[in-house]
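The values are calculated or read from the model by the stated rules, or taken from the named source; none is laboratory data. Predicted, not measured: the structure shown is a model, and the values here were computed from it. Don't worry about glycine lacking a Cβ; one is built from the backbone with ideal geometry, like all the others, and counts go over all protein chains shown. For the accessible areas, the whole protein counts, side chains as well, though only heavy atoms, and no ligand, DNA or RNA atoms are used. Shrake-Rupley method; radii C 1.70, N 1.55, O 1.52, S 1.80 Å.
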Amino acid sequence: MNGPILEVEGLQKSFGALKATDEVTLDLRPGEIHALIGPNGAGKSTLIKLITGEIAADAGRIRFEGQAIDTVDAAGRARLGLARSFQVSQLVPDFTALENVMLAVQGASGESFRFLRPALADPALTEPAAFHLAHAGLSGRERVAAAALSHGERRRLEIAMALAMRPRAFLLDEPMAGMGADGARDLTALLSDLRTEAPILLVEHDMDAVFALADRVSVLVYGRVIATGSVAEIRADPEVRRSYLGEEA
Amino acid sequence: MNRAAIIDAGLFAALVAVALVAQAAGEPFVITLATKAAIFALAGVGLNLVLGYGGLVSFGHAAFFGIGGYVAGILASHAMSGAPVATFPFTMQGTNEMLAIWPMAMAVAGLVALAIGALSLRTSGVYFIMVTLAFAQMLYYFAISWPAYGGEDGLSFYVRNTFPGLNTFDPIQFFAIVAVLLGLALGLSALIVRSRFGLALRAARAAPGRAVAVGIRPFGIRLTAFVISGMITGLAGALYADLNRFVSPAMLSWHMSGEIMVFVILGGVGRLAGPLAGAGAYILLEHLLGGVSEYWQALLGLLLLVIVLFAPGGIVGMLNGGRGR
């Protein structure tokens, strides 16, 4: 299939008088990283939540692999292959790293109603989980509780869990949040490779990472997309420079 | 075996040892106390599944305990009188066979848990506590005002129900039945918690947003756990009725819900043998302090306060040196 994997059309969401998402239209194409940038409070996280189905849109349409998913709930969208990571790590703290990823493998498989066999003795869970942990650079950390991992490792575990969903598209909400320069550089390399697995809609504040990674960039200000284009186009766009990038660019 | 498993096995062995020593010493009353502790522990194993592993604070588990008790009592009283329990849509006779009573008690408790869970699990936090409490109190008042089975006075049946090949009137033999069921429930609980289902249940407690994001709907997982939990507590209720040969609305009251909760919290929330440690400690305190003062529950309250403040892992957590589950 050559069309976009994910199409968002005229999406709207208001909280009282605040228009958090205002007629947003964008798409995600195979093999690309599409970065979503914008100042704090621009509605980036709201947009991600509308796409994942955590909150319901007031108007607009979302199509995923050509199919309307507006009436599919969040868990259903995840099973269709829409994998998200969280801005603030949402891990099961008393599960080990391996168990966290096993949970994602299990969720994607849709088979949670098995009561007797220990999950840790189920190679259909443990083997893919170990594989995805290694892919995310967490080999050797399988048995460590998520709560005991370093911040950078938790960010990687978020990625490993998204990978384990065998996703058709990634929605990554600030995967670099709180990372030091070295960690951010390593993670940038990991994300760059991920786009070959599935395209990425990337919300990120780290402009170095965005400009290094993104094939396309959309700029969100007050819930509206004010520009979409290549990195060079966005850097040159006068409105973007005025409203967001400022002296940084 | 890790340390937690050794503690679980040790607590169970201690319960059995108390009963055996009491048998050898000719103290049937102590065996009855151990039996009571085992039945309360079984009720707590049911609650622990949702409270400990699912994070769902049900304040209505007396409903399932009482339903199990009433199913046992009603079937036994009909077996005694010879009148059928129901004539429509089919004729159903009473029975005094434990092997027939248990599945019936569990099935009825499970169905009621399905109905209560389907409604109450749409709420969370303090609302969930209140809704489960409200359902249990409805059943309590229903039992009080239902004269056919004793109403407020409760329902006595004079002969303990039977089990093939055993004399259920012999305290140690009845204890053996209860202990085996408790062991099975603990084993089942250990399996469930480690299974795929248990993984989903624990994840839905600790990180519900994450569960949804990986495609797991917490509602169905929680409802299933609630039904299994209600069935286990219902079985405990049937045994409790048999222990006393008496069932009354008190088994359905919120005091009972609170007591089952105390077993779990005292023993250790989300610890496999927590309810066993808690129920054992409760019976021990009731027996030791109850003779000193009728206000012994004030001391229990104090103890509970200390546990919650200083040892959130309960008795099992303390035995485990504050280590993880």
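GNM on chain B, alpha-carbon springs under 10 angstrom: the most fluctuating residue among B:Y149, B:Y295, B:Y158 is B:Y295.
Apolar share of the accessible surface for segment B:176-325: 70 percent from carbon plus sulfur atoms, 1.4 Å probe. Per-residue ellipticity at 222 nm, computed for chain B from helices alone with -39500 (n - 2.57) per DSSP H run of at least four residues, works out to -23500 deg cm²/dmol. The modelled label-to-label distance for the pair A:S139/A:D193, using points 7 Å beyond Cα in the direction of Cβ, is 1.0 nm. Fully extending the segment from A:A121 to A:S14 would add 33.8 nm, taking 0.36 nm per residue of separation and subtracting the current Cα-Cα distance. The distance from the alpha carbon centre of segment B:251-325 to that of segment B:94-164 is 24 Å, rounded to a whole number. Counting 0.36 nm for each residue step from B:A9 to B:F88 and taking away their Cα separation leaves a gain of 23.7 nm.
Largest mean-square fluctuation among A:I37, A:I69, A:I51, in a Gaussian network model of chain A whose springs join Cα atoms under 10 Å apart, belongs to A:I69. Could you work out how far apart the two model spin labels at A:M207 and A:E23 are, taking each label as a point 7 Å from the Cα in the direction of the beta carbon, and quote it in nm? Simple spin-label model gives 2.8 nm for this pair. May I ask for the accessible area buried between chains B and A, both sides summed, probe 1.4 Å, to the nearest 100 Å²? Buried surface at the B/A interface: approximately 2600 Å². Counting only lysines at least 8 places from A:K13 when in the same chain, those with an alpha carbon closer than 22 Å to its own are A:K44, A:K49. Looking at segment B:1-96, the chymotrypsin sites (Phe, Trp or Tyr not before Pro) that sit in a DSSP loop and have at most 13 other Cβ atoms within 10 Å of their own Cβ are B:F90. Relative protection proxy for B:211-217, A:186-192, from highest mean packing down: B:211-217, A:186-192 (other beta-carbon atoms within 10 angstrom).
Relative contact order, whole percent, for chain A stands at 27, derived from Cα pairs under 8 Å and 6 or more residues apart. Out of all DSSP beta bridges with both ends in the protein assembly as shown, state the antiparallel percent to the nearest 5. Beta bridges within the protein assembly as shown, antiparallel portion: roughly 60 percent. Heavy-atom accessible surface of segment A:91-166, averaged per residue, reaches 39 Å², computed with a 1.4 Å probe. A Förster radius of 51 Å combined with the Cβ-Cβ distance from B:W296 to A:R185 puts the calculated FRET efficiency at roughly 0.20. For chain B, a Gaussian network of Cα nodes joined below 10 Å ranks B:N244, B:N96, B:N48 by mean-square fluctuation, and the top entry is B:N244. Extension gain, B:A100 to B:M130, is 7.4 nm, computed as 0.36 nm per intervening residue step minus the present C-alpha separation. Counting alpha carbon pairs within less than 8 Å and at least 6 residues apart, what relative contact order, in whole percent, applies to segment B:3-319? The normalised contact order for segment B:3-319 reaches 34 percent.
Sequentially through segment B:82-90, phi angles give Karplus couplings (6.51, -1.76, 1.60; θ = phi - 60°) of x, 6, x, 5, 8, 10, 9, x, 9 Hz, Gly and Pro residues having no value and appearing as x. Antiparallel beta bridges, as assigned by DSSP with both residues in chain A, represent about 55 percent of the total such bridges.
Cross-link partners for B:K36 among the aspartates and glutamates, with Cα-Cα distance under 14 Å and sequence neighbours closer than 8 places in the same chain left out: B:D242, B:E259, B:E286. Classify chain B: rounded, prolate or oblate, from the alpha-carbon gyration tensor (a ≥ b ≥ c, eigenvalue square roots; a/c under 1.5 rounded; otherwise prolate if a/b is larger than b/c)? Oblate is the answer for chain B, as a/c is 1.5 or above yet b/c matches or exceeds a/b. Between A:E111 and B:H255, how high is the FRET efficiency from 1/(1 + (r/R0)^6) when r is the Cβ-Cβ distance and R₀ = 35 Å? Nearest 0.05. Rounded to the nearest 0.05, the efficiency is 0.30. What you get for the protein assembly as shown, charging only the Cβ of Lys and Arg (+1) and of Asp and Glu (-1), is a dipole of about 460 debye around the Cα centre.
Helical content alone sets the calculated 222 nm signal of chain A at -10000 deg cm²/dmol, taking -39,500 (n - 2.57) per DSSP H segment of four or more residues and averaging over every residue.
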